[in-house]
Amino acid sequence: MKFGNYMILEFPSKSCNEAFARSAVACFAAQMDPTLEELGDIRTAVSEAVTNCIVHAYPDKLGIITLRCRILKDNVLDIVIKDKGVGIPDVEQARRPSFTTGGAERSGMGFTIMESFMTSLEITSAEGRGTSVHMRRKLQRRQ
Ligand SMILES: Nc1ncnc2c1ncn2[C@@H]1O[C@H](COP(=O)(O)OP(=O)(O)OP(=O)(O)O)[C@@H](O)[C@H]1O
Ligand SMILES: [Mg+2]
């Protein structure tokens, strides 16, 4: 398959769009015939990334979140979630389990969950310019 399938969504950082985003990705991924476990992992990772945009990227205003999903060869689902918010000053530190700037309400486990549920996770960020979270998940081929 040279030209794989893809979809791009854009929505404001309203908290109701967290459920929308994870369901939209799950609907898109359904054509790959995922297992329920794979679908659950993908939904959770998307939910964590979109929640971060809502909570951290745009702490006291609404901003734009973009979501792109592609199907790559060898049954790989590729997901990019982007914001143009405050950015992350130190990505390595932010990726550490339990690191949070969110106070007692947050456990600092979002990136750790994304990393363990997905096959790969890359984060690029620039202070004041925004953050991009790029995740991939290789799905089993079912006979
Ligand atoms: N899109 C983003 N924009 C700005 N900062 C972010 C973004 N995503 C994450 N961060 C920063 O990275 C930290 C770690 O994120 P992570 O998702 O691992 O934990 P958390 O959101 O603080 O807690 P939890 O996800 O467990 O509720 C956040 O506390 C925040 O400082
Ligand atoms: Mg989080």
Length-normalised contact order of segment 75-143 in % [C-alpha pairs under 8 Å, at least 6 apart]: 46 percent
Segment ARG129-ALA104, length gained on full extension (0.36 nm per residue, minus Cα span): 6.4 nm
Anchor LYS14: aspartates and glutamates whose Cα lies under 18 Å away (excluding residues fewer than 8 positions away in-chain): GLU48, ASP60, ASP83
Relative contact order for segment 2-143, counting Cα pairs under 8 Å that sit 6 or more residues apart, in percent: 26 percent
Segment GLN93-LEU36, length gained on full extension (0.36 nm per residue, minus Cα span): 17.3 nm
Accessible area expressed per residue, the chain, with surrounding protein chains retained (probe 1.4 Å, Å²): 58 Å²
Potential lengthening between ARG141 and CYS16 on full extension [0.36 nm per residue; Cα-Cα distance subtracted]: 41.7 nm
Prolate/oblate/rounded call for segment 1-47, Cα gyration tensor, a/c under 1.5 rounded: oblate
Burial order of peptide ranges 87-100, 118-131 (average beta-carbon count within 10 Å, highest first): 118-131, 87-100
For the chain: rounded, prolate or oblate by the Cα gyration tensor [a/c cutoff 1.5]: prolate
Whole-percent carbon and sulfur share, accessible surface of the chain, 1.4 Å: 52 percent
Dipole magnitude of segment 26-143 about its Cα centre (Cβ charges: Lys, Arg +1; Asp, Glu -1), debye to nearest 20: 340 debye
Proximal aspartates and glutamates relative to LYS138, as straight alpha-carbon distance under 14 Å, when same-chain residues fewer than 8 apart are discounted: ASP33, GLU37, GLU38, ASP41, ASP74, ASP78, GLU115
Calculated FRET efficiency for the pair SER23/ASN75, C-beta based, R₀ 22 Å, to 0.05: 0.55
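The values are calculated or read from the model by the stated rules, or taken from the named source; none is laboratory data. What you see is a predicted model; the values in this text were computed from it and never measured. For neighbour counting, all protein chains shown are included, and Cβ atoms are generated from backbone atoms with ideal geometry for every residue, glycine included. Note: accessible area is taken over every heavy atom of the protein model, side chains too, but ligands, DNA and RNA are not part of it. Shrake-Rupley method; radii C 1.70, N 1.55, O 1.52, S 1.80 Å.
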